[in-house]
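Before any comments, here is the structure.
No value in this document is a laboratory result; all are computed from the given coordinates. All figures in this text were calculated on a predicted structure; none of them were measured in a lab. Here Cβ is always computed from backbone atoms with ideal geometry, including for glycine, and neighbour counts include all displayed protein chains.
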Amino acid sequence: MTLGAGAGAAVADMEAGSSGGSSSDERRGRRVTEDWCCACAEGLFLGPPNPMVARYLYALIFLVTNLLAWTLRDYGSSAIAGLQRLKVCQGARRHCLGAEGVLRVSLGCFVFFVVMFLSTVHTRKLHDCRNSWHSDWWPAKIVLWLALTAVAFLAPSPLVQLYGKVAHFGAGAFLVIQLISVTRFIMWLNDWCRSETTQKRCHLLIQAVSIATYVGSLLGVVLMYVWYAPSPACRLNILFITVTLVLVQLMTFVSTRSKVKAGYLAPGLMGIYVVFLCWSAIRSEPHTEVCNRKAEVATSADWVNIASFVIAVVVIVAATFSTGIDSKCLQFKQAEGESEEDDIPYGLGFFHLVFAMGAMYFAMIFVGWNASHTMERWTIDVGWASTWVRVGNEWLAAVVYSE
């Protein structure tokens with residue numbers, strides 16, 4: 001009885017639904033098609049556009065590009081046989097490996113981020129289709145990045161050399177923007193620490209950090225005198241270190257004078273920063289210099305040199321990333337009104353522009369700011385050009401802070 005009743009009911013349901021079955025199937029098919037199209041529009045099934053997650057993936061692409069350039073520079077000899085098949089790689093060691101190999105990889109990365117800049121500039125809202133392009137569609141963008149990198153190895157050598165000359169200016173602009181961003185962060189941190197609420201909770205901690213940073217910058221100057229100026233003959237190093245000491249004292253004086261009263265935290269942090277820049281500049285001197293004793297260990301691929309190289313590459317990527325998301329560092333006029341919920345938290349165009357200049361920057365430090373300069377394995381940013389670039393960056397940092 002029960003089985004028969006169930007079968008009868010099923011037959012009745014089938015008969016009742018036969019008239020509307022075709023229309024239901026059509027609606028279901030349209031719904032599936034619409035869902036599939038929406039999934040494609042949201043980035044090949046990777047979910048809704050999320051620019052906060054996308055920035056880490058761009059940083060990963062930038063890191064892989066750095067590693068590729070380093071591999072071609074230091075360990076590209078095994079690729080000579082394959083590269084000689086390309087017409088532009090006649091004498092592959094010269095045109096597609098070494099310094100020019102780094103420039104070609106940098107060129108491909110630069111063009112990729114320029115394309116991303118042109119396609120996302122002035123994007124402000126999350127629902128903008130250009131935000132979907134920025135935040136998703138990763139298979140397509142990875143193919144584009146690989147294709148542009150491959151095309152860079154088909155470019156004629158004179159064009160690559162021209163790019164190497166232009167990269168000096170792009171890398172310099174990157175350093176200036178990075179410097180402004182760092183200075184802006186230090187000033188923001190100083191203002192936050194000097195606010196009433198923070199002073200009440202962390203007064204002693206702020207004072208301790210202020211004293212520690214100021215004393216640390218002075219201690220760094222003393223150590224540089226000991227390590228890099230062992231004799232009066234090291235006149236250039238003595239000049240660099242003495243100017244750094246003067247800048248630290250000048251920034252402290254400017255910060256504590258009656259009209260400013262910014263305390264000791266900001267000059268202490270800036271002092272640490274300029275001492276680091278001075279140390280980097282001296283470390284960039286050629287390893288044959290008798291006054292650069294601490295660089296003698298960097299002549300071979302020992303663990304210290306390898307660790308320094310890895311840290312330097314990570315710092316390059318981190319600096320590019322942090323500068324790229326700080327699009328307000330170049331806003332000379334405050335934006336009116338409060339931000340809305342659907343606003344993108346950082347400027348997409350500025351983000352990609354910084355990464356494009358960062359591609360030029362890593363090319364310069366990998367070749368020592370000189371495309372004809374031969375770099376040893378596991379070394380980075382070594383040469384007199386690198387030294388003077390960092391010294392200029394240090395002095396500019398003091399000027400920007402004093403303003």
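Phi angles of region 115-123 translate, via the Karplus equation with coefficients 6.51, -1.76, 1.60 and θ = phi - 60°, into HN-Hα couplings of 4, 5, 5, 5, 8, 10, 4, 6, 7 Hz per residue; Gly and Pro are given as x. For the pair Val53 and Glu376, the difference between a 0.36 nm per residue extended length and the Cα-Cα distance amounts to 112.6 nm. Label positions at Val246 and Tyr346, each projected 7 Å from the Cα along the C-beta direction, are separated by 3.7 nm.
Extension gain, Leu154 to Val176, is 4.7 nm, computed as 0.36 nm per intervening residue step minus the present C-alpha separation.
In the distance distribution for region 154-252, Cα-Cα pairs more than 16 Å apart total 74 percent.
Projecting label points 7 angstrom from Cα along Cα→Cβ for Ala307 and Thr256 puts them 3.6 nm apart. The stretch between Ser322 and His122, if pulled fully straight at 0.36 nm per residue, gains 70.0 nm over its current Cα-Cα span.
Going by average Cβ density within 10 Å per residue, which order do the peptides 212-219, 234-241, 269-276 take, highest to lowest?
Working: 212-219: 16.6, 234-241: 18.9, 269-276: 22.8.
Packing order, densest peptide first, comes out as 269-276, 234-241, 212-219.
What the Cβ-Cβ distance of Thr71 and Val215 gives, at R0 = 45 Å and to the nearest 0.05, is a FRET efficiency of 0.60. For the pair Arg184 and Leu60, label points projected 7 Å from Cα toward Cβ lie 2.8 nm apart.
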